[in-house]
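The values are calculated or read from the model by the stated rules, or taken from the named source; none is laboratory data. If you're wondering where the values come from, they're calculated on a predicted model, not measured in any experiment. In this analysis, Cβ positions are derived from the backbone assuming ideal geometry, glycine residues included, and neighbour counts consider all displayed protein chains. Heads up: the accessible areas ignore ligands, DNA and RNA and are worked out on the full protein's heavy atoms, side chains in. Shrake-Rupley method; radii C 1.70, N 1.55, O 1.52, S 1.80 Å.
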2 protein chains.
Amino acid sequence: MDSQYVIGIDVGGQTTKLGVVDARGSVLAQTVIRTDTYTDFEPYLDELAGALNKIIADAKAEGKIRGIGVGAPNANYYTGIVDNAVNIPWGANSKIEFAKLLSEKMNGLKVSLTNDANAAAVGEMTYGAARGMKNFIMITLGTGVGSGIVINGNVVYGHDGFAGELGHVSAVRYNGRQCNCGKQGCLETYASATGVARTAREWLEMTDEPSVLRSLDKISSKDVFDAAREGDNLALKIFDFTGNILGRSFADFVAFSAPEAIVLFGGLARAKEFLAKPIMDAMNENLLPIWKGKVALVFSQLKESDAAILGASALAWEL
Amino acid sequence: MDSQYVIGIDVGGQTTKLGVVDARGSVLAQTVIRTDTYTDFEPYLDELAGALNKIIADAKAEGKIRGIGVGAPNANYYTGIVDNAVNIPWGANSKIEFAKLLSEKMNGLKVSLTNDANAAAVGEMTYGAARGMKNFIMITLGTGVGSGIVINGNVVYGHDGFAGELGHVSAVRYNGRQCNCGKQGCLETYASATGVARTAREWLEMTDEPSVLRSLDKISSKDVFDAAREGDNLALKIFDFTGNILGRSFADFVAFSAPEAIVLFGGLARAKEFLAKPIMDAMNENLLPIWKGKVALVFSQLKESDAAILGASALAWEL
C-alpha cells in the first residue's frame, strides 16, 4: 500500500505541532513551529509547509502520505475555513481557507480540518482516556478554553460546523471579564491559562494577602502552579476559584448532553492536584439529583503533543 | 394491517393530554386528565388507563393500537422510568416505572417513554415548525422549562437517557432563585410560567411602580400577559427581563450544538409579541461573532395539545 502514513497538525495559540503518524498510532517524526509570531497567514503557511516536508523526509514517508488532518481554533469541518480565530494574530478578524491553501501548498494532498478541541477529543477516544466512551465532553484548558463534544461516538459539528465552543459560554452572567471574542464573562476569561494569570494579577492588586507571586514581574499560570506547589495560600485559592467556575459550568454541560465523563486536556489540566477537588465539588453541587456523583472527571493521560497530533491525524484516515 | 393507530400521551405538570393518532398524523380522539391532583401514582395510573380505553373506543380503534408513546418530565428513554419529576406531586423523590406499569395496565401494549420536551421536538420535526431541520433545540416554556435537543436529525438522549435538561442550567450564577430541583438560579425559576409569576410578585413587593397587577390576589403568568396586552408598563418590563434571561441562555446553548434554530413551545411561548425581541437581542449580544444574526428563533405553530400528543405518538411508531 502506498499511503500508509497520515499527518496530524495541531494549531495552538502559541505553537503549531505537527507529526507523521502510522496506522498503529505511532508518531514517527514530529516538530513544532510558532503560531503567534506571524500577523499574516502566508509566511506562516510557508513555514508550516517547510516543516511538513522536513518531517515527511525524516520519516522516509515521501509519496506515502494519505492525507493531512488539522486541529485549529474556530476551524470549520464542513468548509475547511478558520474563521476569526481571536487568539491567533493571523486568525483574528479573518476567514482563512486553511484546508484549501495548505492542500495547494502540499501538492494537492487532501486536508481535513476541525476545531483543535474536536481533534483532541478524537485522539482521546482513539488512543487515550476516553477509549470506549460514546458520550463525553473534552475540555481543553490552554491559552483559551476549547471543547469537543462526543455524542453516541460522533463529534458534534452542528448545523454550520462550529459546534462546541464551550469556552464562550457565560461563566459569569453580569459584569464578567471582557473576552477577546467581544463578549463579557466567557468561561475562558477565567478558566484558561491566561484566565488564571489574570485572576492572580487582579487578586494581587485587590488584596494585601502575602504571596510569593508578589515578587514576580509578569505572572503566568505556570507561576501560579509553582507557587501552589510551594503551599502559597493565594495561589491555592486561585485554583479553588478556577475549579469552582469550571465545575459550575460543567454542571450546565451535563444538563445538555448527559455525558459519562468530562475529559480535561491542555496545559492547565496539569494542575490536577489543585483543580480536581474544587471542580468535582462545584459540579456535583450544581447537578440535578439524577446526575450527582455519577459523572466522571478524567484528566488526559496522553502526552499533550502526541494527543493533539494523533487526534488531528485520525481525521486524515477518513479522507 | 391490524395496528394502524398509535397513542400519544403528554404528561405535563398540571394536566396529561392523550390522543389516538393515525399514520397521517391526525388526532382521531383525545382527552385530558389532571396530573397534579394525585400524590400517589396508582390512582393516577387508573385514571389514565380509563381515559385511554375511552378514547380508544371513541376512535373505534380497539385491537388496532400499535403502541403507546409517552412524553413526561424526567423520563428516561432507555429505562422507561420517570425519575424524581419535581414538578409533579406523584413524581417528586420517586422512581416510577411508568412504561412497565402502563404497559401492564393496558394488557401488554408496548410503551415507549421520553422527556416531554423530547417528544415535543419529535412532533415539531415531524409535523411542525422544525420540519426539514436536522439541528435545532426545542425549548418548552410551561410550568417548568424543558428541552429537546436534535443533532443530525436525532434526539440527544446522552449516556444515561436523561440528556436535555436545559431548564436547570444556571441562568444566574450566584444567589439565584431557589429551584424545586434543589439548585439555585436555574433557568426555569425565571423563564417558566411560574417564573414569570414569581418575577411579578417579587417586583410588586420590591417597587412602588403602579400596575394593574396590584389589584390581583394571586398572580399567574396569564395575568402578566393580559396586563402587558393592556400596555401595563411593569408587565412589559417583566417580559423584557424574562426574554433577556432566555436569550442569554440560548446563546450558551448555541455554543454547544450550533443549531439552526431555537424552537419555542408551551404556554408561555404564546407571549411571542413580548418575548421575541428581548430574546433575539440578548441572544445575539451574547453569541460569538460567527453566529450573530444567524440563529433563527421559531415559535411553534402547532396547537399545543396536538403537538405534544403527536410528538409522543411518533415514538410509538418505532416500537
*asked:* If you take every residue apart from B:W291 with its C-beta less than 10 Å away from the C-beta of B:W291, what net charge results, scoring Lys and Arg +1 and Asp and Glu -1?
replied: 0
*Rg and Dmax of the stretch A:55-184 over Cα atoms: what are they, in angstrom?*
16.3, 55
*Carbon-plus-sulfur fraction of the accessible area of the protein assembly as shown, 1.4 Å probe, in percent?*
47
*Mind telling me which of B:P210, B:P259, B:P89 comes out most flexible in a GNM of chain B, alpha-carbon contacts under 10 Å?*
B:P210
*Along Cα→Cβ at 7 Å, what distances in nm separate the B:K60 label point from those on the other copies, shortest first?*
8.2
*Distances from B:R24 to the same position in the other copies: list them in nm, one decimal, shortest first, using label points 7 Å from Cα along Cα→Cβ.*
6.3
*Placing a label point 7 Å from Cα toward Cβ, how far apart in nm is B:R201 from its equivalents in the other copies, listed shortest first to one decimal?*
4.6
*Along Cα→Cβ, 7 Å out, is where each label goes; now give me the distance between the ones at A:K60 and B:N175 in nm to one decimal.*
7.0
_the protein assembly as shown - share of DSSP beta bridges that are antiparallel (%, nearest 5)_ = 60
*Could you tell me which trypsin sites (Lys or Arg not before Pro) in the stretch B:81-155 are loop residues by DSSP with no more than 13 other beta carbons within 10 angstrom of their beta carbon?*
B:R131
*List the equivalent ellipsoid semi-axes of the protein assembly as shown in whole Å, largest first, each obtained as the square root of 5λ for an eigenvalue λ of the Cα gyration tensor.*
45, 30, 22
*To the nearest whole number, what is the average tally of beta carbon atoms from other chains within 10 Å of the beta carbons of peptide A:51-60?*
0
_If you take every DSSP beta bridge fully contained in chain B, what fraction is antiparallel? Give it as a percent rounded to 5._
55
*Which lysines have a Cα lying under 29 Å from the Cα of A:K60, excluding residues fewer than 8 positions away in the same chain?*
A:K17, A:K100, A:K105, A:K110, A:K303
*Could you please state, rounded to a whole Å, how far the C-alpha centre of the stretch A:196-237 is from the C-alpha centre of the stretch A:10-78?*
35
*Check each of the GluC sites (Glu not before Pro) in the stretch B:154-248 and keep only those in coil by DSSP with at most 10 other C-beta atoms within 10 angstrom; list them in order.*
B:E230
*Other-chain or far-sequence residues with amide H under 5 Å of B:A72's (modelled H)*: B:V11, B:T114, B:N115, B:D116
*Under 17 Å from the 7 Å Cα→Cβ point of B:K218, by amide nitrogen: which residues of the stretch B:1-31?*
B:13-15
*asked:* So if I place +1 on the C-beta of Lys and Arg and -1 on the C-beta of Asp and Glu, and nothing else carries charge, what would the dipole magnitude of the protein assembly as shown be about its Cα centre? I want it in debye, nearest 20.
replied: 640
*In the structure shown, do any of B:K64/B:K95; B:K183/B:K272; B:K134/B:K272; A:K237/A:K294; B:K222/B:K272; A:K183/A:K272 have a Cα-Cα gap over 19 Å, and if so which?*
B:K64/B:K95; B:K183/B:K272; B:K134/B:K272; A:K237/A:K294; A:K183/A:K272
